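The block underneath contains the structure these notes are about, expressed in structure tokens.
The values are calculated or read from the model by the stated rules, or taken from the named source; none is laboratory data. Note that this is a predicted model, so its numbers are computed, not measured. Cβ: placed from backbone, ideal geometry, glycine included. Neighbour counts: every protein chain shown. Side chains are part of the model used for accessible areas, which takes the heavy atoms of the whole protein and leaves out ligands, DNA and RNA. Shrake-Rupley method; radii C 1.70, N 1.55, O 1.52, S 1.80 Å.
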Amino acid sequence: MTPPRNCTFPATDWTVLARCWHAVALSADVTATAPFAARLLDQDLVLYRTATGLTVAADLCVHRGAPLSLGCMQEGAIACAYHGYRYDGTGRCTLIPAHPNAPIPGKLALRVFPARERHGLVWVSLDPGAQPDTVPDFPEHVDPAFQIVTVPPFDWDASAGRQVESFCDVAHFTFVHPTTFAASDPVVPRYEVEATPRGVRAEFASRVGNVSDPAAAQQTWRRIYQLHLPFTAHLSVDFPAGGRLVVFNAACPVSARRTRVFAVVARNFDRDQPVADLIAFQQKVYAEDQRIVERQNPEDLPIDLGEEVHVKADRTSVEYRRQLARLGLGRGFTA
Ligand code: FES
Ligand SMILES: [Fe+2]
């Protein structure tokens, strides 16, 4: 595992993050008809499908370095746009058009990365030895009681750590989300936070402001945050009437300063309501956060707890930063 050219992460942090699984694309965006480009940890990737399934490889033709994502799919292989070399689902070259009958050098093979599809997302690790069972869980995604709504992926000019921390912050609702869901009371009651084998779990009860029923506005809505290191968070909100809304937030560290967010929503109520309204609401909430998070300084999440100031309301983010430190991210992560 070698950091790519022009890597924006300190090499030690890149190596830690490269071992983890990250969502890089919607499964639906990767087809058998055209290659799909993505970037993870500054590594350019090409995603394609053949008869043997999904392939994720470095977006680089080993002949003369052209990006394979400029190419096309031909007869079940990916074909380079420059000299037409074809590569199969294992990354092996199967055709050199200039010499179709000559033996193909074994070195003509793409760098293929471990990939898995779960929750409608393509997950990739840059570590050839990555364990597949460590992709984050999202049980509602396969529960027939839930309707699944995928928000179109969007990019923020911010680090993945800052994005995920904002998603799990319980003290900003009144100030950042007054027009979407926040109640007017900014007080954060004591709430429970615990370390889990994969990250952090926090349970919080809040009031919300986007309900017309005054009785419902007085009730508390249970919110459970489950953070899966390094950059995925599963939020379930239990409504007083029994409904549950889940927002699964997988932040892809495109670079140290750019994050692609995959947000998948599950709900077991209002299933007859237009999904466009739900998507528009989520986009509005995220846009409210984006305005702040893209302007935070330093851009990276300071995991040294001495660097920013913490109060009781910040217990989730304090534990998140501790866990990122345990994962092996160093002071360099604070840039
Ligand atoms: S660079 Fe891809 S075939 Fe030559
Ligand atoms: Fe927010």
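Key figures
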| quantity | calculated |
| --- | --- |
| Residues that are open to solvent by 50 Å² or more (accessible area, probe 1.4 Å) and hydrophobic (A, V, I, L, M, F, W, C), drawn from region 48-62 | ALA51, LEU60, VAL62 |
| Those residues of region 254-272 which are over 13 Å from the mean Cα position of the chain (by Cα), open to solvent by less than 10 Å² (accessible area, probe 1.4 Å) and within 15 Å of VAL151 (Cα to Cα), in sequence order | VAL265, ALA266 |
| Identity of the residue in region 63-87, of a type in the set (A, V, I, L, M) and open to solvent by 60 Å² or more (accessible area, probe 1.4 Å), that ends up farthest from ligand 2 (Cβ to nearest atom) | ALA81 |
| Filter result for the condition that a residue is modelled with pLDDT of 95 or more and part of a strand (DSSP E or B), over ALA34, ALA57, ALA66 | ALA57 |
| Among (1) under 23 Å from LEU41 (Cβ atoms); (2) at pLDDT below 95; (3) open to solvent by 50 Å² or more (accessible area, probe 1.4 Å); (4) assigned to a loop (DSSP other than H, G, I, E, B) - the single one GLN296 does not satisfy | (2) |
| Those residues of region 11-26 which are of a type in the set (A, V, I, L, M, F, W, C) and farther than 18 Å from HIS228 by Cβ, in sequence order | ALA11, TRP14, ALA25, LEU26 |
| Evaluation of VAL135 against (1) open to solvent by less than 20 Å² (accessible area, probe 1.4 Å); (2) at pLDDT below 95; (3) farther than 30 Å from ASP42 by Cα (one fails), failing number | (3) |
| Qualifying residue in region 141-154 (condition: open to solvent by less than 10 Å² (accessible area, probe 1.4 Å), assigned by TED's automatic domain parsing to the domain that holds GLN282 and in contact with an Asp or Glu (Cβ under 8 Å, 6 or more places away or on another chain)) | no |
| Within region 1-31, tally of residues that are assigned to a loop (DSSP other than H, G, I, E, B) and touching a residue at least 60 places away in the same chain (Cβ under 8 Å) | 8 |
